[in-house]
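Undergrad: Dropping the structure in here first, questions after.
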Amino acid sequence: MGWANQMGVGAGGFSPSDLANLELWTRFNSGITESSSLVSQWDDVSGNANHLKQATGTNQPTVQGDGSILFDGVDNFLKADAFTLVQPETVYILFKQITWTSGDRAWDSGAASTTLFQTGTTPSLSLFASATLAEIDLTLDTYGIVSSVVNGASSVLQLNNDSPITGNTGTNDMGGFTLGARENAASFAHIQVKEVLIYSEAHDAATRAQVIAYLQSI
């Protein structure tokens with residue numbers, strides 16, 4: 001297990017908690033409550049207690065041997081209790097797409113629809129918050145970091161350190177967070193997730209580069 005995995009810090013000692021307005025942070029191979037590999041909770045280590053939870057056994061994803069969490073694309077998801085989360089918002093996810101189905105959600109909001117979803121043609125992903133910002137291509141079965149800045153007409157969608165896509169995603173506020181499905185328990189994605197970070201501000205390119213470098217160290 002690398003230094004980032006053990007301590008939540010990356011190269012140069014940077015930690016995601018060094019940045020202001022951290023609302024939710026689920027760390028790789030950390031804070032996972034499971035029974036027979038079925039995950040009932042993934043702790044939020046931001047200090048805000050926005051834990052990702054799933055009480056229903058059939059809907060629980062499975063923890064893998066390396067500490068990542070696998071969502072089966074059939075009925076698995078984790079969801080936080082509703083919390084205040086309004087634009088601007090920045091969401092980072094370190095994950096891979098196992099399979100691709102148009103309309104499936106890698107992540108979604110808590111209520112009003114703000115989502116990173118599979119759309120267009122495989123393996124494309126788009127960002128939506130009442131308007132669609134399209135699209136990036138995360139190769140199937142390959143880990144990548146997707147950064148989503150949800151900020152109206154100044155929104156950003158970026159894969160790893162690639163050139164970002166900028167434009168308008170609309171005005172919906174997230175109001176919480178759902179991982180692996182739509183907020184109403186539909187559109188389940190077949191994905192494998194290592195880490196999620198959410199901030200209640202719009203990160204600029206330099207800040208995104210810091211967080212991306214941390215996630216690349218995992």
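Undergrad: Quick one: 3J(HN,Hα) in Hz for the stretch 137-149, Karplus 6.51/-1.76/1.60 with θ = phi - 60°, rounded, Gly and Pro as x.
TA: 10, 9, 3, 4, 6, 10, 5, x, 10, 10, 9, 10, 9
Undergrad: When the chain is modelled as a GNM with alpha-carbon springs shorter than 10 Å, which of Arg182, Arg208, Arg27 fluctuates the most?
TA: Ranking Arg182, Arg208, Arg27 by mean-square fluctuation puts Arg208 first.
Undergrad: Among the lysines, which fall within straight-line cross-link reach of Lys96, defined as a Cα-Cα distance under 18 Å, with same-chain neighbours fewer than 8 residues apart omitted?
TA: Excluding near neighbours in sequence, the set is Lys194.
Undergrad: With r as the distance between the Cβ atoms of Val74 and Asp18 and R0 = 30 Å, compute the FRET efficiency 1/(1 + (r/R0)^6) and round to 0.05.
TA: The computed FRET efficiency comes out at 0.20.
Undergrad: To continue, here is another question. Take the solvent-accessible surface of the protein heavy atoms, probe 1.4 Å, and return the percent of it on the stretch 1-131 that carbon and sulfur atoms account for.
TA: 51 percent
Undergrad: Residue separation times 0.36 nm, minus the C-alpha to C-alpha distance between Ser35 and Asp81: what's the value?
TA: Using 0.36 nm per residue and subtracting the Cα-Cα distance, I get 14.4 nm.
Undergrad: Hey, what did the chain get for relative contact order, percent, Cα under 8 Å, at least 6 apart?
TA: 27 percent
Undergrad: Considering only Thr119, Thr142, Thr62, give the residue with the highest GNM mean-square fluctuation for the chain, with springs between Cα atoms whenever their separation is below 10 Å.
TA: Thr142
Undergrad: While we're on this one: Rounded to the nearest 20 Debye, what is the dipole magnitude of the chain about its Cα centre when Lys and Arg each give +1 and Asp and Glu each give -1 at the C-beta?
TA: Value, rounded to 20: 100 debye.
Undergrad: Binned at 10 Å from 0, what are the whole-percent values of the Cα-Cα distance distribution for the chain, short to long?
TA: Percent of Cα pairs in each bin: 9, 39, 41, 11, 0.
Undergrad: So with the 1.4 Å probe, I'd like the accessible area per residue for the chain, rounded to whole Å².
TA: 38 Å²
Undergrad: Here's another thing I want to ask about it. Ordered by residue, what ³J(HN,Hα) values in Hz, to whole numbers, does the stretch 171-186 give under the Karplus form 6.51 cos²θ - 1.76 cosθ + 1.60, where θ = phi - 60° and Gly and Pro are x?
TA: 10, 4, 9, 6, x, x, 7, 10, 10, x, 6, 5, 4, 9, 6, 8
The values are calculated or read from the model by the stated rules, or taken from the named source; none is laboratory data. For clarity, every value in this text was computed on a predicted model and none was experimentally measured. Methodologically, a virtual Cβ is constructed for each residue, glycine included, from the backbone with ideal geometry; neighbour enumeration extends over all protein chains shown. Note: accessible area is taken over every heavy atom of the protein model, side chains too, but ligands, DNA and RNA are not part of it. Shrake-Rupley method; radii C 1.70, N 1.55, O 1.52, S 1.80 Å.
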